[in-house]
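The values are calculated or read from the model by the stated rules, or taken from the named source; none is laboratory data. Worth saying up front: this structure is predicted, and the values here are computed from it rather than measured. Because the Cβ atoms are built from the backbone with ideal geometry, glycine has one as well, and the counts that use them run over all protein chains shown. Just the protein is used for accessible areas: all its heavy atoms, side chains included, with ligands, DNA and RNA removed. Shrake-Rupley method; radii C 1.70, N 1.55, O 1.52, S 1.80 Å.
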Amino acid sequence: MGNPATTEPRSGRQRALVPVLVSLGMLVAVVSSLGAPLVPTIAAEEHVSLNDAQWSLTVTLLVGAVVTPVMGRLGDGPRRRPVILGALAAVLAGCVLAALPLGFGALVTGRALQGLGLGLTPLAIATARDALPPERARPAVALLSITTVAGVGLGYPVTGLIAQSFGLYAGFWFGAAVSVAALVAAVVVLPPSPSRAAPRLDVPGAALLGAGLAGLLLALSEAELWGWNSARLLVLVGVCVLLLGAWVVHELRTAQPLVDLRLTRDRTVLTADATALVAGLGMYLLLSLVTRFVQTPREAGYGFGASVAVTGLVLLPFSLAGMAAGRMVPLLARRAGTALVLPLGCAVSLAAVLAFALVRGQLWELFAIMAVAGFGIGWMFAVMPGMIVGSVPAHETGSAMSFNQVLRYVGYSTGSVLSATVLQAHTATGSVLPTGDGYRTAALLACGVWVVMIVVTAVLPPRHRRGAVAATAPGAAAAPRTAGDDAARQKAAR
């Protein structure tokens, strides 16, 4: 029998692990919530254009997309705990820097540091898989994935109310306080890092991926200013495509890649990754459009002139519906498999953006639209981690989930920049606000993306995996995976 003096603290720490991991997901949500609703306020207080102020959101997502695979790879070995604690410390420093009235440059730099926190979710998922028994790990993984969606809508009203009552910088001080709490909890509760061999960090792969993503997002954000046919825009896009192509070739050839792209040969993993990219784009495109639309003064001929706090409340149904969807998905997945779940989630998201394109004359209509959108996005995000965790070796969980998260952040960043680009294209010279047609155009563009995704998610998943997918759905019990299972699966993937 074990020593009670040592056994009891261990069990108590394990009971606290899931709440602490969820707190890391909530921190990611709070960091995200310091972006979209505050963009008009940042533009006004820092005396910059709305297009420039949008970078206070985009830079966080961009940094998250670049560092997440690096953190995921480092977190698959004995450095997981230091990586998590280091990221939390960087988020705290970023919140403090953004909270100090040092100008727009310091604010954007602080927001970039906060982007390191976006790499915490896949590490939390990998920790849950390693430290918890299967019957607890599955629902924990699903909950962690939903937390980042649900927390966005919950964080927006809180940070918006704080910013409205105490000023722009108070919202960032709130983020600093949340970061301190998460850091202390992680120091106390996080288990030791896995005793696996330390993976070699693929520095060339990280550099190629980071440069390619950064260049593409810069091109998308500056396209309207430079001109869509300008030589420097076309050259930049061409260079970025070459960089990303070189990254793919490098990752397939290197022995210890930053992201093992060979795992995407599993059609279930490929489906989850493609869905993550499009769902992220659709989510932030709609969030960015709604937050700007609601705050637009009525004198523009549309909008409601709402405060930052009211804007945050409009997004609250998004979170509540996302949480509800997360609880329904396991039941549906066990009965029908993800071959039905993902297309339905895309269809619900399509209905939300189509409604925004056609019906947005009353504030209550936007509350309803965001509830529908949250249900669709939450539905998809709840099932994706189970698809990946059930399809990759245990020692690749952090890397595989990080790549999925990267695709989410690429989608987030693209959606954020795309919304600003489309609205800027519908802004007359000398005017500050876009026309109402700009919102309709952006929403119809999103509709086209969701239509394509419905077809992709209906065709791509392997039909013979219906039972297997249901077994690995979030919340479902699963048999423990052995080292032999992982070795066989890795060999097949390669």
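Listed values, structure above:
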item	result
Segment 19-162: radius of gyration over Cα atoms, expressed as a fraction of 2.2 N^0.38 Å	1.08
Residue 96/residue 47 FRET efficiency (R0 25 Å; Cβ-Cβ; nearest 0.05)	0.65
Folded to 0 to 90 degrees: helix 436-459 orientation relative to the chain principal axis, Cα	20 degrees
Accessible area of the chain belonging to carbon and sulfur atoms, whole % at 1.4 Å probe	70 percent
Ordering of 88-101, 252-265, 110-123 by burial proxy (mean other Cβ atoms within 10 Å per residue, highest first)	110-123, 88-101, 252-265
Principal axis dimensions, largest first and in whole angstrom, of segment 256-413 by Cα	57, 35, 23
Volume of the Cα convex hull of segment 214-278, divided per residue and given in Å³	100 Å³
CD proxy at 222 nm, helix term only [per DSSP H run n ≥ 4: -39500 (n - 2.57); per residue of the chain; nearest 500]	-26500 deg cm²/dmol
Kirkwood Rh (inverse of mean 1/r, distinct Cα pairs), segment 359-448, angstrom	16.0 Å
Residue-level accessible surface for residue 454, protein heavy atoms, 1.4 Å, Å²	40 Å²
Euclidean distance between Cα centres, segment 251-304 to segment 406-453, Å	13 Å
Residue-normalised accessible area of the chain, given per residue in Å² at a 1.4 Å probe	37 Å²
